[in-house]
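What follows is a set of notes on a single structure, which appears directly below.
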Amino acid sequence: MQELHVEAQLDFLERISKTRPIYAISEIIWNSLDADAKGVRINFFGNEISTDRIEISDDGNGFSHELAIDTFGKLGGSWKRNKLQTSEKRWLHGKEGRGRFRVFTIGHNVEWHVTYQENDIFYEYVIKGQSDRLDKFQISDKETSDSRKTGTTVIIQEPLKQYQLFQSDILVNELAAIYAPYLSSYPDVNIRVGTEKVDLQHKLKEKTLLPIEAIIRDESGEEYTSELEVFEWNNLDVKELYYCDKNGFPLLKYEKQIRGNIGKYSYTAYLKSDYFVYLKENNELDLIELKEELVPLRTEALKKLKKLFLERYREEHKSIIEKWKKDDVYPYSERNDKTIVETAEEQVFDILALNLNEYLDDFDNINNKQKKLQLKLLQQAVAFNPTNLKKIIDEIISLPNDKADELIELLDNTSLSSIISTSTLISDRLKFIEGFSAIVYDIETKTHIKERSQLHKILADNPWFFGEEFSLSVSDQSLTEVLRKYHSKLADGIVIDTQTPVLRPDGKIGIVDLMLSRSVPKNHEKEYEFLVIELKAPKVSIGQNELNQIESYAFAVAEDERFRGLKTRWEFWVISNEMDSIIRKKANERNRPRGTTYQSDPTEANDITIKVRTWSEIISENKFRYKFVKDHLDISITESDGLLYLQEKYNKYLA
């Protein structure tokens with residue numbers, strides 16, 4: 001026997017040898033499959049109480065004695081690293097050279113009995129290892145073999161625990177979930193536990209491949225795409241997700257419960273991306289739940305998964321909906337020109353109504369008049385209050401608490417609910433735009449609109465009107481309050497005087513109508529943009545006095561050293577319907593953006609821009625910004641709709 005010393009620290013070997021028992025067994029099976037085995041068999045030996053030996057044998061090619069000495073004597077450097085496929089053109093799984101250590105999760109003593117062929121001669125040898133000596137392996141000399149079949153048998157003795165996996169039926173189901181993509185791709189391969197085959201033919205109900213739009217980038221900027229493959233099972237009670245390489249080889253199981261399921265569906269989902277291989281190679285796979293960059297990918301995958309079974313549930317219960325239509329109790333009409341919003345609304349209604357039918361024992365037995373009324377109430381609740389699904393479910397459907405919570409979470413996390421909620425938001429904003437346009441340009445109305453008591457109050461509630469992601473920071477307060485809000489954005493520990501008033505160049509205190517703020521996108525971390533707005537009643541034309549006022553605010557910020565220390569962009573706007581001819585010329589000077597009357601030197605501490613703007617420009621920008629969504633969702637809003645919306649929401653200001 002020759003002793004091989006592993007070129008790695010013992011504590012590191014102990015760390016990488018720890019894994020879940022199912023992954024330890026899987027590593028052995030993967031090695032068999034990478035050696036082009038067509039058959040792999042797992043056998044347990046012992047008595048009715050305990051297992052004392054596990055044997056995993058295959059009919060693969062084995063591996064040469066020279067290769068064994070090379071690979072078992074060091075960590076990494078697997079012969080698979082620079083290969084993509086086996087000699088039989090199957091995709092390779094392991095490439096790190098670490099799998100052999102993970103088997104020690106299960107047992108204390110492990111032996112590899114290998115038979116391989118070289119130049120038409122069959123050879124055999126044995127490798128031995130122990131869990132308390134991970135840095136040393138014993139390897140026998142190679143000898144000619146009487147066998148005429150190649151293969152490897154791994155014998156695990158002295159199990160560290162009596163794992164549930166040692167029960168054949170449990171292991172068969174676990175292996176089915178892990179090897180489903182592989183066995184689906186290579187149907188001539190079979191894996192058995194004792195005499196029971198890991199058989200997809202009877203277990204697999206359906207297979208679905210779903211595209212994923214999210215793109216992940218590693219630290220070097222390399223991009224990784226993803227896709228989600230879903231295997232639905234017969235006679236299995238599992239709902240699970242695996243992180244896999246691009247070929248569907250599971251690397252790690254998503255351990256959190258997948259909430260918000262509907263129906264009695266059993267499935268294993270495989271989120272496939274080589275980004276997970278990148279994490280594994282960098283020893284970061286176990287930290288996957290802490291990776292913020294993975295949140296959009298995981299969120300999209302879970303939403304796609306839930307949507308798949310929502311649609312399946314609705315399709316499988318189609319006969320109930322057809323009966324409602326036949327009985328004239330279904331509240332939606334048959335039309336071919338339904339918008340995306342109407343379609344989404346009807347789909348959410350169907351899910352809720354089918355649950356109503358399932359959980360109310362007497363619902364199917366009530367007369368059609370009562371049934372029609374109850375379904376109509378549900379339809380109106382979905383249409384007019386889509387963001388409060390909990391109230392709808394509690395008050396109309398009356399589901400059990402656990403079922404209600406599950407259904408709420410499911411619908412909240414699907415695109416159906418998002419479409420309805422987004423449509424409501426966009427519709428309200430389009431109504432606001434139309435209504436606001438009417439009140440500032442209508443000949444009768446604009447002469448009565450007051451700057452502070454009406455215009456200011458309405459706009460303070462809608463900072464989005466001046467740009468996406470803006471939030472209201474200051475409303476109708478002094479420049480000193482602007483300084484305090486600015487100070488709140490500074491890093492902890494930076495102290496400035498916020499008690500001494502901020503004064504305009506003429507020594508007076510300036511009162512700001514609106515100050516909005518937003519952080520600049522992620523590639524400009526800790527940069528902020530502040531927008532200070534001076535509103536003028538529609539009847540007031542912007543002249544030199546109005547421009548002087550907004551300039552005094554801007555120059556107060558520019559000259560006060562307390563506004564330095566944070567990288568910021570400041571814009572100061574004065575807005576009304578019109579401007580006089582002199583201001584119009586200033587706002588349209590050559591080599592400056594339209595409307596800009598002042599722009600600071602980029603080298604100055606504060607980046608300051610002053611603009612003169614009209615409501616027609618801002619209204620046009622808003623209409624353009626929402627045009628794509630408006631057209632896509634087929635939303636139609638009139639001026640009357642807009643005025644009605646403003647009157648209902650802001651009646652106390654417009655009365």
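Surface calculation, 1.4 Å probe, protein heavy atoms: Asp146 sits at approximately 150 Å² accessible. Taking Lys and Arg as +1 and Asp and Glu as -1, the other residues whose beta-carbon sits under 14 Å from that of Glu300 total +3.
Charged neighbours of Glu284, selected by a Cβ distance under 12 Å, balance to -4 (K, R count +1; D, E count -1).
Exceedance of the 22 Å cut-off in Cα-Cα distance is limited, within the set Lys128/Lys246; Lys253/Lys303; Lys304/Lys630; Lys128/Lys280; Lys74/Lys291, to Lys128/Lys246; Lys304/Lys630; Lys128/Lys280; Lys74/Lys291.
Near Ile216, the amide H atoms lying under 5 Å from its own belong to Tyr224; only residues 5 or more places off or on other chains count, and H is placed 1.01 Å from N. Electrostatic bookkeeping for Glu118 treats Lys and Arg as +1 and Asp and Glu as -1; over the other residues with beta carbon under 14 Å from its beta carbon, the sum is -2.
Solvent-accessible surface (1.4 Å probe) assigned to Trp615 amounts to roughly 0 Å². For the stretch 279-371, averaging the sequence separation of C-alpha pairs within contact (under 8 Å, six or more residues apart) and dividing by the residue count gives a relative contact order of 26 percent. The order of Phe349, Phe122 by accessible area, most exposed first and with a 1.4 Å probe, is Phe122, Phe349.
The peptide list 456-465, 529-538, put in order of mean Cβ contacts within 10 Å with the highest first, becomes 529-538, 456-465. Less than 5 angstrom separates the built amide H of Glu578 from those of Ile542, all sequence-distant by 5 or more or on a different chain. Estimated at the nearest 10 Å², the accessible area of Leu287 is 90 Å² with a 1.4 Å probe.
Solvent exposure of the stretch 307-389, expressed per residue, is 55 Å² of accessible area, with all protein chains present and a 1.4 angstrom probe. Between the amide H of Ser266 and those of Trp233, distances stay under 5 Å, these residues lying 5 or more places away or on another chain, with hydrogens modeled in the peptide plane.
Using a probe of 1.4 angstrom and keeping all protein chains present, the accessible surface of the stretch 226-289 works out to 40 square angstrom per residue.
Rounded to whole numbers, the Karplus 3J(HN,Hα) couplings from phi for the stretch 33-41 are 5, 5, 8, 6, 5, 9, x, 10, 10 Hz, using 6.51 cos²θ - 1.76 cosθ + 1.60 with θ = phi - 60°, and x at Gly and Pro. For His5, His317, the ranking by accessible surface with the largest value first comes to His5, His317, using a 1.4 Å probe. Ranking Asp601, Asp218 by solvent-accessible area of protein heavy atoms (1.4 Å probe, all protein chains present), from largest to smallest, gives Asp601, Asp218. Taking the accessible area of the stretch 129-193, probe 1.4 Å, and keeping the other protein chains in place, the carbon and sulfur fraction comes to 40%.
Computed with a 1.4 Å probe over protein heavy atoms only, the accessible surface of the stretch 140-209 comes to 54 Å² per residue.
The values are calculated or read from the model by the stated rules, or taken from the named source; none is laboratory data. All values reported here derive from a predicted model rather than from experimental measurement. With ideal geometry, Cβ positions are generated from the backbone for all residues, glycine too; neighbour counts draw on all protein chains shown. We work out accessible area using only protein heavy atoms, side chains counted, and drop any ligands, DNA or RNA first. Shrake-Rupley method; radii C 1.70, N 1.55, O 1.52, S 1.80 Å.
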